[in-house]
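Chemist: Take a look at this one; I'll ask things after.
The values are calculated or read from the model by the stated rules, or taken from the named source; none is laboratory data. Everything quoted here is computed from the prediction, not taken from an experiment. Backbone-built Cβ (ideal geometry, glycine too); neighbour counts: all protein chains shown. Areas reflect the complete protein model, heavy atoms only, side chains present, ligands, DNA and RNA absent. Shrake-Rupley method; radii C 1.70, N 1.55, O 1.52, S 1.80 Å.
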Amino acid sequence: MLQLPKVIGHRGAAAYAPENTLDSFREARRRGATWVELDVKTTRDGMPILMHDESLLRTTGVDRLVIDTDRADLPAGVPTFAEAIACLGELGLGCNVEIKPCPGREAATARAAVETLRRCWPAHLPEPLLSSFKDASLAAAREAAPEYARALLISEQVPDWHARAQAVGAIGLNVNGRKLGALWAHDIKRAGYRLGVYTINDPVEARALIAMGADCIITDAPDVILAGLA
């Protein structure tokens with residue numbers, strides 16, 4: 001059974017290093033994280049890379065959409081998913097892999113991500129957790145690689161959250177910590193799901209969410225939250 005840590009570094013350690021980079025994963029490890037979260041998209045030529053936004057602009061300064069960019073034309077510092085996995089293996093870090101597809105690539109991005117995991121994931125690391133806001137991505141991941149655990153990402157409580165989680169075979173929900181109330185947390189836990197919360201950088205908030213039943217805090221500052229939960 002998948003065992004999640006109390007704290008996962010968001011996009012590495014995004015409070016201290018550029019998000020979704022190898023430097024950010026190294027910084028997360030230095031600051032005590034044992035797992036990190038990262039975002040996987042595919043380039044125009046189908047290469048899975050680490051990038052959160054649809055555009056490269058915010059993180060690289062290049063005003064171009066990922067979906068319009070080939071791997072060979074990416075700015076320096078944007079790692080492929082395979083390069084990131086190799087780094088995680090060196091650092092001994094587990095991983096929550098968020099499938100973050102460009103529009104229209106929900107299934108294709110999921111298939112590319114799980115193919116890379118099957119080919120590259122180090123045997124000495126714990127099994128990864130796949131997550132996505134896109135039900136179609138989780139459904140495609142389930143079909144292509146049912147052995148990988150899945151979590152539905154959800155920004156706020158909606159009436160069909162349980163049905164959606166069941167439909168994609170999720171073992172957990174990763175929810176917006178600032179939208180999580182005690183009653184919803186109770187319902188999630190009573191239904192048997194692991195409960196992750198994002199993106200929490202205040203130890204007081206983190207302790208309150210753990211008290212509500214959260215299993216895992218996803219944070220930009222893993223050292224701060226680890227100290228706050230100690």
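Chemist: Taking the options L38, L88, L74, name whichever one is farther than 16 Å from A141 by Cβ, open to solvent by less than 40 Å² (accessible area, probe 1.4 Å) and in contact (Cβ under 8 Å) with a residue 60 or more places away in the chain.
Modeler: On the way: L38 fails: farther than 16 Å from A141 by Cβ; L74 fails: in contact (Cβ under 8 Å) with a residue 60 or more places away in the chain.
Every option except L88 fails the conditions.
Chemist: Which one of the conditions (1) over 26 Å from A15 (Cα atoms); (2) out of contact with any Phe, Trp or Tyr (no Cβ under 7 Å at 6 or more places or on another chain); (3) crowded, with 20+ Cβ neighbours inside 10 Å; (4) among the β-branched types (V, I, T) does T219 fail to meet, given that it meets all the rest?
Modeler: (1)
Chemist: Search region 153-173 for residues that are modelled with pLDDT of 95 or more and pair each with any residue that is part of a helix (DSSP H, G or I) and β-branched (V, I, T) when their beta-carbon atoms are under 7 Å apart and the residues are at least 6 apart or on different chains.
Modeler: Within 7 Å, the pairs are L173/I188.
Chemist: Residue under question is A112, and the condition is that it be in contact (Cβ under 8 Å) with a residue 60 or more places away in the chain, over 15 Å from V168 (Cβ atoms), among the small types (G, A, S) and open to solvent by 10 Å² or more (accessible area, probe 1.4 Å); does it hold?
Modeler: yes
Chemist: For region 141-177, how many residues are among the aliphatic types (A, V, I, L, M) and assigned to a helix (DSSP H, G or I)? Lay out the reasoning, then the answer.
Modeler: So in region 141-177, the residues among the aliphatic types (A, V, I, L, M) come out as 141, 144-145, 149, 151-154, 158, 163, 165, 167-168, 170-171, 173, 175.
If we keep only those that are assigned to a helix (DSSP H, G or I) too, we end up with 141, 144, 163, 165, 167.
Matching residues across region 141-177 total 5.
Chemist: Something else: Give the residue that is farthest from C102 (Cα to Cα), with candidates limited to residues of region 53-74 that are among the acidic types (D, E) and assigned to a helix (DSSP H, G or I). Break it down into steps so the answer makes sense when it comes.
Modeler: Keep residues of region 53-74 that are among the acidic types (D, E), which gives 53-54, 63, 68, 70, 73.
Next, only the ones that are assigned to a helix (DSSP H, G or I) stay: 68, 73.
Working: D68: 10, D73: 17 Å.
Looking at the filtered set, the residue picked out is D73.
Chemist: Starting from residues that are out of contact with any strand residue (DSSP E or B) (no Cβ under 7 Å at 6 or more places or on another chain) and of a type in the set (G, A, S), keep the ones in region 171-214 and report whichever is most open to solvent (accessible area, probe 1.4 Å).
Modeler: Selected residue: A211.
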